[in-house]
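Let me begin by presenting the structure, written as structure tokens, before commenting on it.
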Amino acid sequence: MTRLFAALALITAGLAAQAEEATTFTLDNGMEVVVIEDHRAPVVVHMVWYKIGSADEPVGASGVAHFLEHLLFKQTDVLEAGEFSAIVSANGGSDNAFTSYDYTAYFQRIAADRLELMMQMESNRMNNLAITADDIETERNVILEERNQRTENNPGALAREQFQAALYQNHRYGVPIIGWKHEMEQLELEDTKAFYDLYYSPNNAVLVVAGDVQPDAVKALAETYYGVIPAEAQLPERIRPQEPPQRAERRVTYVDPRVSQPYLIRSYLAPERDPGAQSEAAALVYLADLLGGSSFTSALGQALQFDRQIALYTNASYDGSSLDTDMFSVAVAPADGVTLSQAEAAMDEVINAFMEADIDPARMDSIRTQLRASEVYAKDDVQQLARRYGAALTQSLTVQDVQAWPDVLQSVTEADIKAVAAKVFNRDQSVTGWVVSSQEEAR
């Protein structure tokens, strides 16, 4: 059995080392293009990513990026409202869009011989959206209802908003992507039109095409449909307000009678992946797994859930995929009879013990193997690959950074993890949040 696992590890190591075929070029109007070839099925994923997200919104207009995402499915100069998605569906495909802090993206997954049609329609709504005052009223109600369902009716979501606003007091990462409700209610046609006219431009966009395609054919189509759109001469430099030095720990208690299980979360400011400098982020991926990955193998899970049985749930999380400073979080839900104060003290004991002890080499090898396997499996999903490149290029990373990431992950050492943990675990750059159903539980 040991030999079998060793053989599998060698196989996955060899496969993961083979970077996917990615061709890049830039159109004359500044639009970046990435083509990822995968000829195993006659399918293509066509994605347009705009380097504009909720963290780039004007002050007082939170939610306008997500609002505009909805409005792009309305009419253009040649398409009726809803016709875009109807055409995609009639051709056997699927489409959608999403907004993040750092980007807004639109995609279609469809038969490869329908790529030209997708480019024709997507390029049309890049520059020819025809939204009306009626569209604003209708869609504003839609996004407000979306906020009601996902946030207002979810105490955990409301708590996360408060905690993130406390962690990011100056940066726009402290404002929810969907927007603050009172500002969403005030969004008008002028807000969305100004945002659209300035930022929905080819020199602020990345086109990613993945699947059964040839780079030369994609380039010819891109030049035909996107290349004729003029660049935005007034596109501003992407500068955001940054966080000042945090000099004191911050604490927030969120009380909501709908909370069924009290819990605590502590979030620390943490490094993100940067161009040519991804090693700290890679080490934080390991740290999250070592501290709060599987409850059976992680430090928090073993100590608090199994050994001491004072927690029902433990977790540590880190993404690293952001343009600016990210966050690393740890969470504990205490068992019955255990107060949040006791759970927090126990959590800190585990973190301190982790910093003092050596990291088990076997756990390091296990995480490396899991990460290597996940890179292999990712190659079977062209949509996931397209998302990986699109997100990276809108968050300042390069194609080279994306393709180097698997090797960066594999090169992480125990010393790297301890060094970045010592940097991140600074209570003066953290927010500790308690979520309870009543003040009586806040003890």
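Mind checking which residues of the stretch 259-283 are open to solvent by 30 Å² or more (accessible area, probe 1.4 Å), more than 29 Å from Val399 (Cα to Cα) and of a type in the set (Ser, Thr, Tyr)?
Selection gives Ser260, Tyr263.
Restricting the first residue to the stretch 392-403 and requiring it to be modelled with pLDDT of 95 or more, which pairs with a second residue that is among the small types (Gly, Ala, Ser) meet a Cβ separation below 6 Å and a spacing of at least six or different chains?
From residues that are modelled with pLDDT of 95 or more, the pairs are Val399/Ala22; Val402/Ala392; Gln403/Ala19.
Out of the residues in the stretch 336-370 that are surrounded by fewer than 16 Cβ atoms within 10 Å (Cβ to Cβ) and not in a helix (DSSP H, G or I), which is farthest from the chain's Cα centre (by Cα)?
The residue in question is Gly337.
Tally up the residues in the stretch 38-82 that are part of a loop (DSSP other than H, G, I, E, B), within 19 Å of the chain's Cα centre (by Cα) and on the phi < 0 side of the Ramachandran plot, please.
5
What's the number of the only condition in (1) within 22 Å of the chain's Cα centre (by Cα); (2) farther than 15 Å from Val64 by Cα that Ile177 fails to meet?
(2)
Quick one: what pairs do we get from the stretch 19-35, first residue free of Cβ contacts under 8 Å to residues at least 60 places away in the same chain, second open to solvent by less than 20 Å² (accessible area, probe 1.4 Å) and among the β-branched types (Val, Ile, Thr), C-beta under 8 Å, 6+ apart or different chains?
Sorted first by the residue in the stretch 19-35, then by its partner, the pairs are Glu21/Ile36; Thr26/Val33.
Consider Leu221 carefully, then state whether it is open to solvent by 20 Å² or more (accessible area, probe 1.4 Å) and within 30 Å of Asp348 (Cβ to Cβ). Step through it out loud before you land on a result.
Values: open to solvent by 20 Å² or more (accessible area, probe 1.4 Å): yes; within 30 Å of Asp348 (Cβ to Cβ): no.
No: the conditions fail for Leu221.
Go through the stretch 392-419 and report how many residues are open to solvent by less than 10 Å² (accessible area, probe 1.4 Å), within 27 Å of Tyr103 (Cα to Cα) and part of a helix (DSSP H, G or I).
Result for the stretch 392-419: 4.
Restricting to the stretch 228-253, name every residue that is touching a residue at least 60 places away in the same chain (Cβ under 8 Å) and open to solvent by less than 50 Å² (accessible area, probe 1.4 Å).
Selection gives Ile229, Arg240, Glu243, Gln246, Arg250, Val252.
I need the full set of residues from the stretch 420-443 which are assigned to a loop (DSSP other than H, G, I, E, B) and of a type in the set (S, T, N, Q), in order please.
Asn426, Ser437, Ser438
If I filter the stretch 86-121 down to residues being assigned to a loop (DSSP other than H, G, I, E, B) and without any contact (Cβ under 8 Å) to a residue 40 or more places away in the chain, which single residue comes out as surrounded by the fewest Cβ atoms within 10 Å (Cβ to Cβ)?
The qualifying residue surrounded by the fewest Cβ atoms within 10 Å (Cβ to Cβ) is Gly92.
Considering each residue of the stretch 376-391, count those that are open to solvent by 20 Å² or more (accessible area, probe 1.4 Å) and either on the phi > 0 side of the Ramachandran plot or touching a residue at least 12 places away in the same chain (Cβ under 8 Å) (or both), and give that number.
Qualifying residue count, the stretch 376-391: 5.
Say whether the condition of being within 24 Å of Met118 (Cβ to Cβ), assigned to a helix (DSSP H, G or I) and at pLDDT 95 or above is met by at least one residue in the stretch 225-241.
The answer is yes; a qualifying residue exists.
Would you check if Gln429 is modelled with pLDDT of 95 or more and either closer than 30 Å to Ala362 by Cα or aromatic (Phe, Trp, Tyr) (or both)?
Judged against the criteria, Gln429 is not a match.
What number of residues in the stretch 109-141 are within 19 Å of Glu190 (Cβ to Cβ) and either touching a Leu at 6+ places or on another chain (Cβ under 7 Å) or hydrophobic (A, V, I, L, M, F, W, C) (or both)?
Qualifying residue count, the stretch 109-141: 8.
Quick one: in the stretch 285-327, which of the residues that are assigned to a loop (DSSP other than H, G, I, E, B) and charged (D, E, K, R) is farthest from Val350 (Cα to Cα)?
Step by step, filter the stretch 285-327, then rank; the result is Asp324.
With respect to the numbered conditions (1) of a type in the set (D, E, K, R); (2) open to solvent by 30 Å² or more (accessible area, probe 1.4 Å); (3) over 19 Å from Thr99 (Cα atoms), which one is the sole condition not fulfilled by Asp256?
Only one criterion in (1) of a type in the set (D, E, K, R); (2) open to solvent by 30 Å² or more (accessible area, probe 1.4 Å); (3) over 19 Å from Thr99 (Cα atoms) is unmet by Asp256, namely (2).
Could you tell me which numbered condition Ala133 fails, if it satisfies all but one of (1) without any contact (Cβ under 8 Å) to a residue 60 or more places away in the chain; (2) under 18 Å from Gly53 (Cβ atoms); (3) open to solvent by 30 Å² or more (accessible area, probe 1.4 Å); (4) hydrophobic (A, V, I, L, M, F, W, C)?
(2)
Of everything in the stretch 430-443, what is out of contact with any Phe, Trp or Tyr (no Cβ under 6 Å at 6 or more places or on another chain) and under 23 Å from Arg247 (Cβ atoms)? Give them in sequence order.
Passing the criteria: Thr432, Trp434.
Could you check Ala19 against (1) within 23 Å of the chain's Cα centre (by Cα); (2) at pLDDT 95 or above; (3) outside any helix (DSSP H, G or I); (4) surrounded by 14 or more Cβ atoms within 10 Å (Cβ to Cβ) and say which number it fails?
Of (1) within 23 Å of the chain's Cα centre (by Cα); (2) at pLDDT 95 or above; (3) outside any helix (DSSP H, G or I); (4) surrounded by 14 or more Cβ atoms within 10 Å (Cβ to Cβ), only one is false for Ala19: (2).
Are any of the residues in the stretch 304-318 surrounded by fewer than 20 Cβ atoms within 10 Å (Cβ to Cβ), aromatic (Phe, Trp, Tyr) and over 26 Å from Asn170 (Cα atoms)?
Yes, the stretch 304-318 has at least one match.
Working only within the stretch 148-169, note down all residues that are within 17 Å of Gly53 (Cβ to Cβ), touching a residue at least 24 places away in the same chain (Cβ under 8 Å) and either open to solvent by 50 Å² or more (accessible area, probe 1.4 Å) or in a helix (DSSP H, G or I) (or both).
The answer is Gln164, and nothing else.
The values are calculated or read from the model by the stated rules, or taken from the named source; none is laboratory data. No experiment lies behind these values; they were computed from the predicted model shown. Here the Cβ is made from the backbone with ideal geometry for all residues, glycine too, and neighbour counts use every protein chain on show. For accessibility, only protein heavy atoms count, side chains too; no ligands or nucleic acids. Shrake-Rupley method; radii C 1.70, N 1.55, O 1.52, S 1.80 Å.
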